[in-house]
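Notes to accompany the following structure.
The values are calculated or read from the model by the stated rules, or taken from the named source; none is laboratory data. Predicted model only: the values in this text are computed from it and were never measured. Positions of Cβ are generated from backbone atoms using ideal geometry, with glycine treated the same way; all protein chains shown enter the neighbour counts.
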């Protein structure tokens, strides 16, 4: 009987050890990209079969913390005539980096981007949720920069961690009073115009982006990708930004290529 009990106890111990080893098996996840694959568990290194990003070795608890930390809300304000790449480039960056992006416009009527692409806003300025990052883009930006209702909506926002503009989207921030006393940039053909519009700002040319801490402005069109990657690196670290750039095959990105006035 004693031998039987000892044998049984030994078997249970071996079973427990096996279960613990199984539970301790390495687990890998793709970096949070706001897609269903965020919850896919892999047992070996490699790339995600859905989004093709490099897998990261993590515990389930660590991955959940990373997902929650990175799911910042980014509001893209779009106006009729908006430049497609101005917003589409940063949208790719923020989306694949795991941020929650939504589209806001003055109304819910479709926005015509460059007269070609139609975008249906998720919200208008009366019902848009609070955003952590508020972004504005060029392409007929004057229509928003001169609209008192839009400017009033911007000024009423609370809890915004970062304001972000691409190209002439800086004019919208300027008219809202957010660029006074700052060093900023915009589309190369609009440097003088922005300086005249915002005389209390210092407007620079020949720089991809300028980071003032809370406010980040970028030069035209493709420079928005650089600024967005910089903001991802600032919030989630350089490795997250590098993974996003690699996934997008954006091999032109050079970290710290812009001007950082304040971190």
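For a quick check of your reading of the model, give me the residue pairs whose first member lies in region 125-142 and is in the same structural domain as residue 78 (by TED's automatic domain parsing), whose second is surrounded by fewer than 18 Cβ atoms within 10 Å (Cβ to Cβ) and modelled with pLDDT under 95, with beta-carbon atoms closer than 6 Å and at least 6 apart or on different chains.
130/159
Conditions (1) modelled with pLDDT of 95 or more; (2) touching a helix residue (DSSP H, G or I) at 6+ places or on another chain (Cβ under 7 Å); (3) farther than 23 Å from residue 54 by Cβ; (4) buried (at least 21 other Cβ atoms within 10 Å of the Cβ), marked per residue:
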| residue | (1), (2), (3), (4) |
| --- | --- |
| 214 | yes, no, yes, no |
| 219 | yes, yes, yes, yes |
| 224 | yes, yes, yes, yes |
| 228 | yes, yes, no, yes |
| 232 | yes, yes, no, yes |
| 242 | no, no, no, no |
| 247 | no, yes, no, yes |
| 254 | no, no, no, no |
| 263 | no, no, yes, no |
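Considering 183, 168, which residue is more than 24 Å from residue 84 (Cα to Cα) and more than 17 Å from the chain's Cα centre (by Cα)? Let's see the steps before the verdict.
Numbers: 168 fails: more than 24 Å from residue 84 (Cα to Cα).
Result: 183 is the single residue among 183, 168 that is more than 24 Å from residue 84 (Cα to Cα) and more than 17 Å from the chain's Cα centre (by Cα).
For region 125-138, indicate whether the set of residues that are outside any loop (DSSP other than H, G, I, E, B), surrounded by fewer than 17 Cβ atoms within 10 Å (Cβ to Cβ) and on the phi < 0 side of the Ramachandran plot is non-empty.
No, that holds for no residue.
Select the helices (runs of 4 or more DSSP H) contained entirely in region 150-247, then report the ones holding at least 2 residues which are under 30 Å from residue 56 (Cβ atoms) and touching a residue at least 12 places away in the same chain (Cβ under 8 Å).
Working: elements: 170-175, 191-197, 223-236, 238-247.
The qualifying helices (runs of 4 or more DSSP H) are 223-236, 238-247.
Suppose the filter is assigned to a loop (DSSP other than H, G, I, E, B), outside the structural domain of residue 234 (by TED's automatic domain parsing) and at pLDDT 85 or above; does residue 45 pass it? Steps first, please.
On the way: assigned to a loop (DSSP other than H, G, I, E, B): yes; outside the structural domain of residue 234 (by TED's automatic domain parsing): yes; at pLDDT 85 or above: yes.
Spelling it out, residue 45 is indeed assigned to a loop (DSSP other than H, G, I, E, B), outside the structural domain of residue 234 (by TED's automatic domain parsing) and at pLDDT 85 or above.
If you go through region 86-97 one residue at a time, do you hit one that is buried (at least 22 other Cβ atoms within 10 Å of the Cβ) and at pLDDT below 95?
Within region 86-97, the subset buried (at least 22 other Cβ atoms within 10 Å of the Cβ) is 86-87, 89-90, 93-94, 96-97.
In the following step, the residues that additionally are at pLDDT below 95 were identified as 96-97.
Yes, there is a match, as at least one residue in region 86-97 is buried (at least 22 other Cβ atoms within 10 Å of the Cβ) and at pLDDT below 95.
For the list (1) touching a strand residue (DSSP E or B) at 6+ places or on another chain (Cβ under 7 Å); (2) without any contact (Cβ under 8 Å) to a residue 40 or more places away in the chain, I need the number of the one condition that residue 114 fails.
Every listed condition holds for residue 114 apart from (1).
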